[in-house]
Amino acid sequence: MTASALTRPGERDRPISKFLEIDWTFCLALCLIAGAGGLMLFSVAGGSWTPWAAPHVLRFSACFVLTIVLAMISLRVWFVAAYPVYAIGLALLVAVEVVGDISLGAQRWLQLGPVRLQPSEIMKIGLVLALARFYHGLPPHKAQFSWRLLIPLGLIGLPVLLVAHQPDLGTAVLIASTGAAMMVLAGLSLRVVGAAIVAALVAIPPFVLFVLHDYQRKRILTFLDPESDPSGSGYHILQSKIALGSGGLMGRGFGLGSQSQLNFLPEKQTDFIFATLAEEFGFVGCISVLFLYAAVIFMALRIASISHSHFGRLAAAGVTATFTLYVMINGAMVMGLAPVVGVPMPLLSYGGTVMLTVMIGFGLVMAVRVHRYDEVTSGRGALL
Amino acid sequence: MAEPSIFFSEVNERQGVFHRRAFLMGGLAGIGLTALAGRLAYLQLVQAQRYQKLAAGNQFNFQLVPPPRGLILDRNGVSLASNRPNFRLLVARDRGMDIDKTVDELAQLVPLGPDHIERLKKDIKRAPLKQPVSVMEDMTWEEFSRVNIRAPELPGVTADMGEVRVYPFGGAFAHVIGYVAKVSDRDLAAAGPNPDPVLLNPGFRIGRQGVERAFDSPLRGRAGATKAEVDAAGRVVKMDPGGDIPATAGKEVRLTLDADIQNRALEVMGNESGAIVMMDCRTGDVLCMVSAPSFDANRFVRGLTTPEYKALAEYERRPLLDKALTGLFPAGSTFKPTVALAALSAGVDPAAHVVCNGGWYFGGRTFRCWGRHGAQDMHNAIKNSCDVYFYQTAVRIGPDKIAAAAEAMGFNHEFDIGISGQKKGTIPSTAWKKAYFKSNPANQKWFPGESLSYGIGQGYVQVNALQLAVMTARLANGRKALNPRLIKSVGGVDQPRGDAAPDLPFPHEHLEIVRAGMAAVANDASGTAYRQSQLGLGEVKMAGKTGTAQVRSYDNAASRNSASVQWKLKDHNLFVAFAPVDDPRYAVSVIIEHGGLGGGTAGAPRAREVMRVALLKDPEVRARIEQPLPLPEIGDIAEGVAPNDAVAAPSGLPT
C-alpha cells in the first residue's frame, strides 16, 4: 500500500500512511551504527554496560522514537518553525557567551534548570532550517550571485563567530562548512565558489598564526609533525594511529584492544571511539561501519533529491552535509589526517547532545521523505 | 490544494541545479569516504606490523630490578659496606598529572618541609616523562603503608622497597672504601650513548671514591627486570612472571684490611690530622690505612647538604683528603735508614765515627743538628737520629746513590693497590733535578749543600704514608721488595700477593745493621723514642724510627718547639716501626701533620697502640706473649696465700 500522488486527497495525511512512508532501510542503518557504538562502549568500559554502553543504547532508543515522531510532522510546520528555531539558537549562543559554564577552558554549556544545553547544537539544526527557508523563497538567479546572498552569509556568520569565540573551533568549522555547502547546493555561482576557495587558502596561514588560541595552533602544528612531540600534543594522534594500525585486518578481538583497554587511547569513549573499533575489529570492522555511514549519507541525499519542495531538498541536504562533515572530520582526525578537533563520530561516540542533534536532523530528513509531495508555500513568511 | 510547484519553470530550473549540485556533493562524500578507507587500508594492512610493535611497547613495561650491590668485607669477613632495606616514595611525572596537587597530597601523608615541597615540584616537573623522582627515602613502616594505601588514587605515585648502602664503621674506612652517591650528569655522559638503564633508577648510587669507584662495575652487578602489563598511567595491570629477568647481585670485594686495627688506628688519631698505614711484612697485605680526620661516608650516600659539604671542605685539617695516599710529606728522619742502606752499599764502614758538635759548617753556613751527640757510628747515629752523621754521609755518597736506595725501598713509586689517587712524591737525583728545572739552567746542577738536607729526608724529598709503610715492611722483611696489597679478592678470585716480588738489592748484613739501629731507637733507654715505644708485651718488642719534618726554616726562629705556634706552622711528626723485632710481622708508618717536634712524641705512641692490636690479634705472637710463667710446683706454695699476691710480686722486680 504505497502512498503516491494518485492517492485520494487526505490519504497521505493519515498518520498510518505517513508511518508507512518512513524509510525503514535508512532506520536500520542508523540502528546498526548506534548498535556498533554500544558494542564498542561496552568494550572500552572493560566489558561493562556502565558507564557508557547502557546510557548510549537508552539514549539512542529515546532519540529514535523522537526521530519517528518528528518524521510525521508536516514540512509546513518545519518551515514555519525555521526562523524561530534559528532565533532561539542565536539567543542561546549569546546567552552562553554571557553566563555559560566554563569547561576545559571553553564556554559551551548553558544550564537551564535541570537541562544542560549546548546551544551550538541547536544552531546546527537552526541554521539548516533557516537557510532552507530563505532559499525556498529566493528566485534561482538571485541564488547564484546577488546582494541578497548577504542574508545567508549573515545567517551563517553570526553563529560561526559566536561559536568560535567560545572557543569551539571544531563546531565553528562544522557550522560554517554546512552553511557553505547549502549555499552551493542552492545554486551559488561556481565562479564565486572557486574564488571563495582561493580566498580561504590564502587566508588560512595568517589565520592560524594570528587569530587562533595557543592550544588550537599547537594542535594544528602538531598535526603537521606529530612525531615531534610524541608524549605531548602529538600523543593523541600517535596513540590513535597505533590503535588503528595494530588492529590489522581482523582486529585484536572484542575487548582485547590494549590501546583502549589500558587507556593509551585518549577520549576513547568519545572522539576516538572509531580507533577502538579499528583496534578490536580491524580493517573488516572499520570498512563495515564506513559502509553503513556511506549508506546513510547516500540514502539521505537521495531523500533530498526526491523532495518536491525546495525547502525539503535543502533541509535534507543540509542535515546530510552536517552528518557527512562529522564523519569526515572525525575519521580524518582519528586516522591522523586532520588536526585534533573535538568532533565526535556521530551515533558511534558516547555523548547525548550530538546524538540528539543528529537524530533530530534525521527526523527532519525523514519528514522530508514522508512529506516529499507536500507543497510548501513560497510566500515570504506566510503560514501554510 | 495548490498547484504542485513542479510546474513552475523557475522552480524546475532550481531543482535541476540542486540535483546537479547534490550529485557533486555525493561525489565529494564518496571521494572522502574512499580516502578514509584507503587510509585505513594503509594503516591496518600495510603498516600493521609496525603499529603492532608500538602497541606492544605501550602495553608491556619492563620494570628494572636494581641488583643488590656487592659487599665489601675486611680480611676476616667483617662487613665494611653492606646494604639495608629502604622504603622510598617515588613520583613519576605523566601526562595530565597535577604535580602540585599530588605533592601537596603526599605532604599530608609523609612529613615534607615547605622548602622540600617546592624543590620537589620543580624537580618532578623537570624530570623526563615517567622517570621516577625520589620524594622521600627511609620512610617508616607506617608512612610506607599509608602511602601504599593511597597510591591507587594518586597516579604516578609509588612506594617501594629499595636498598641503600650502609657503612657500619662510618668514617674509619671512608677514604679507602670511598662512598656511593647519586648518579650525576657527568657519570651519564661518561657512560656513553647507551648507558646501563640501572643508572637512571632513582635509588641507584654509583661508586665515587676508593674501592667503591675502582670496583664499581663488579660491585654493581647486573640489573634484572620484571615484565608487567601497564596502563597509560603507568599502573601495573598484570604481572607476567614468565618474562622476568633476574638481577645478578654484585660481586663481593674482600680487602686485606683488618677492621679492628683500622678502627683502633682512627681512634688513636684523635683530633690530629694525618695517616696511619700498617702492612704485614711477610705478605705485603695492608692491614690498616687510615686518614684522619675522616668523615661519615653514610652522609654522602644520602647526599650532603651544602652547609655539610662546606664544613668538610673548609676545615683546615682537610677531612676529604686521603692523607695516606695523596698527602705528601717530607720524610724527615724516617728517611735515615734508607740513607744508611745507601751508604752501606756505597762502601761506608758502619763502624767509622763522625763527630757531632751540634752542627756542621759546610759551604759557608752551619747546618745544625737537633742535639750534640759526640762521636757517632752508624748504629748510634740511627738510634740518636744524629743529623751531622747523615749530613756528612750524604755529601760523601752523593744524591744518586741515595735515590737508588730510596727507590729500591719503594719511594718515588706508585703501587698498584687497586684504588686510584696515589701521589708518588719526589726522590731527588741529579737526573731528576735536570729534568725538573728544565726552564732554569742555572739550577739544574746538583749543589753539594742540597745533599745535606737530602741526608735527613728534607729538601726535595716528598713521600706518602703508604711508601713509608712499604719501606719499613721491606726493611723488616729483609728479603723481598714487598708490594702492598689492598684487595684480597674480588668475587672469590684472589688477587696476586704482595710477596710475589723480586729480592731487595741489599745484603742481609746491611739490613741487619739498620734494623739494629731502629731496635735501639725503641728499646735502648737513650733511643729517641724509648719511652713511647714500650709495647708492654713482654719479650715482644718493637723497632722504630722517629722523624720530624719541618715546614718552615728555623734559621731565624728563636725556638722550634713553641706551644704557642699556630697549628699550620708546626712540624710534621712521623714514625715508622715494625714488630716483633726478632721475628718481624707488622710494619707501620704514622704521619701526624703538624704534630710538633720529635717523632717520639706524637707518632710513636700511636704506632705503639696500633701495633699492640695487630700483635695481640696474631695467635702466634699471642702464644709467645701469654706463655705461662715457669711457676714452682703446686706443693711449694704455702696454704692460705691468695693468688693475688703473685700479681703484686712484679713490683719488686728490677726495672
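The values are calculated or read from the model by the stated rules, or taken from the named source; none is laboratory data. What you see is a predicted model; the values in this text were computed from it and never measured. Note that we place each Cβ from the backbone using ideal geometry, even for glycine, and neighbour counts take in every protein chain shown. Quick note on the areas: whole protein, heavy atoms, side chains included, nothing else; ligands and nucleic acids left out. Shrake-Rupley method; radii C 1.70, N 1.55, O 1.52, S 1.80 Å.
Some values worked out for this structure:
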| quantity | calculated |
| --- | --- |
| Scope segment A:259-273; condition buried (at least 23 other Cβ atoms within 10 Å of the Cβ) and touching an Asp or Glu at 6+ places or on another chain (Cβ under 9 Å); matching residues | A:Gln259, A:Ser260, A:Gln261, A:Phe264, A:Leu265, A:Ile273 |
| Residue match in segment B:552-574 (condition: assigned by TED's automatic domain parsing to the domain that holds B:Ala381 and modelled with pLDDT of 90 or more) | yes |
| So B:Gly57, is it of a type in the set (Gly, Ala, Ser) and in a helix (DSSP H, G or I) | yes |
| Verdict on B:Leu43 being within 14 Å of chain A (Cβ to nearest Cβ) and surrounded by 13 or more Cβ atoms within 10 Å (Cβ to Cβ) | yes |
| Residue in segment A:185-195 that is more than 14 Å from every other protein chain (Cβ to nearest Cβ) and either open to solvent by 30 Å² or more (accessible area, probe 1.4 Å) or out of contact with any Lys or Arg (no Cβ under 9 Å at 6 or more places or on another chain) (or both) present | yes |
| Check on B:Gly156, more than 14 Å from every other protein chain (Cβ to nearest Cβ) and open to solvent by less than 50 Å² (accessible area, probe 1.4 Å) | no |
| Test: residue in segment B:214-226 that is part of a loop (DSSP other than H, G, I, E, B) and not small (Gly, Ala, Ser) | yes |
| Number of the exception - B:Gln49 against (1) open to solvent by less than 50 Å² (accessible area, probe 1.4 Å); (2) assigned to a helix (DSSP H, G or I); (3) more than 8 Å from chain A (Cβ to nearest Cβ) | (1) |
| Some residue of segment B:94-102 being crowded, with 16+ Cβ neighbours inside 10 Å and more than 14 Å from chain A (Cβ to nearest Cβ) | yes |
| Single condition B:Gly284 does not satisfy, out of (1) among the small types (Gly, Ala, Ser); (2) open to solvent by 60 Å² or more (accessible area, probe 1.4 Å); (3) more than 21 Å from B:Ala394 (Cβ to Cβ) | (2) |
| Single residue of segment A:249-260 satisfying the filter (closer than 18 Å to B:Phe60 by Cβ and within 8 Å of chain B (Cβ to nearest Cβ)) that is nearest to the chain's Cα centre (by Cα) | A:Gln259 |
| 1 or more residues more than 14 Å from chain B (Cβ to nearest Cβ): qualifying helices (runs of 4 or more DSSP H) within segment A:272-384 | A:273-306, A:352-370 |
| Where a residue in segment B:390-403 is in contact (Cβ under 8 Å) with a residue 24 or more places away in the chain and its partner, wherever it lies, is basic (Lys, Arg) and crowded, with 24+ Cβ neighbours inside 10 Å, with Cβ under 6 Å and at least six apart | B:Phe390/B:Lys336 |
| Complete set of residues in segment B:534-550 that are in a loop (DSSP other than H, G, I, E, B) and within 28 Å of B:Leu629 (Cα to Cα) | B:Gln534, B:Leu535, B:Gly536, B:Gly538, B:Glu539, B:Lys541, B:Met542 |
| Matching residues in segment B:26-40 - criterion: being facing chain A (nearest Cβ under 7 Å) and over 21 Å from A:Thr276 (Cβ atoms) | B:Gly26, B:Ala29, B:Gly32 |
| Flag if B:Glu105 is out of contact with any Gly (no Cβ under 7 Å at 6 or more places or on another chain) and surrounded by 17 or more Cβ atoms within 10 Å (Cβ to Cβ) | no |
| Selection within segment B:210-269 - charged (D, E, K, R), surrounded by fewer than 17 Cβ atoms within 10 Å (Cβ to Cβ) and closer than 30 Å to B:Gly171 by Cβ | B:Glu267 |
| Hey, B:Gln467 in contact with a His (Cβ under 8 Å, 6 or more places away or on another chain) and surrounded by 17 or more Cβ atoms within 10 Å (Cβ to Cβ) or not | yes |
| Pairs with Cβ under 7 Å, 6+ apart, first in segment B:258-286 and outside any helix (DSSP H, G or I), second acidic (Asp, Glu) and open to solvent by less than 50 Å² (accessible area, probe 1.4 Å) | B:Asp258/B:Asp74; B:Ser273/B:Glu593; B:Gly274/B:Glu593; B:Met279/B:Asp285; B:Arg282/B:Asp499; B:Thr283/B:Asp499; B:Gly284/B:Asp499 |
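Conditions (1) part of a loop (DSSP other than H, G, I, E, B); (2) under 29 Å from B:Asp503 (Cβ atoms), marked per residue:
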residue	(1), (2)
B:Asp349	yes, yes
B:Gly371	yes, no
B:His379	no, yes
B:Ile382	no, yes
B:Thr393	no, yes
B:Ile419	yes, yes
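Residues are listed down the side, and each one gets a yes or a no for (1) in a helix (DSSP H, G or I); (2) open to solvent by less than 20 Å² (accessible area, probe 1.4 Å); (3) touching a residue at least 24 places away in the same chain (Cβ under 8 Å); (4) assigned by TED's automatic domain parsing to the domain that holds B:Asn464:
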position: B:Val290; (1), (2), (3), (4): no, yes, yes, yes
position: B:Leu304; (1), (2), (3), (4): no, no, no, yes
position: B:Phe335; (1), (2), (3), (4): yes, yes, yes, yes
position: B:Ala340; (1), (2), (3), (4): yes, yes, yes, yes
position: B:Ala352; (1), (2), (3), (4): no, no, yes, yes
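Here's the yes/no breakdown for (1) farther than 22 Å from B:Tyr42 by Cβ; (2) open to solvent by 20 Å² or more (accessible area, probe 1.4 Å):
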| residue | (1), (2) |
| --- | --- |
| A:Ala278 | no, no |
| A:Met328 | no, yes |
| A:Gly331 | no, no |
| A:Met335 | no, no |
| A:Pro346 | yes, no |
| A:Met359 | yes, no |
| A:His371 | yes, no |
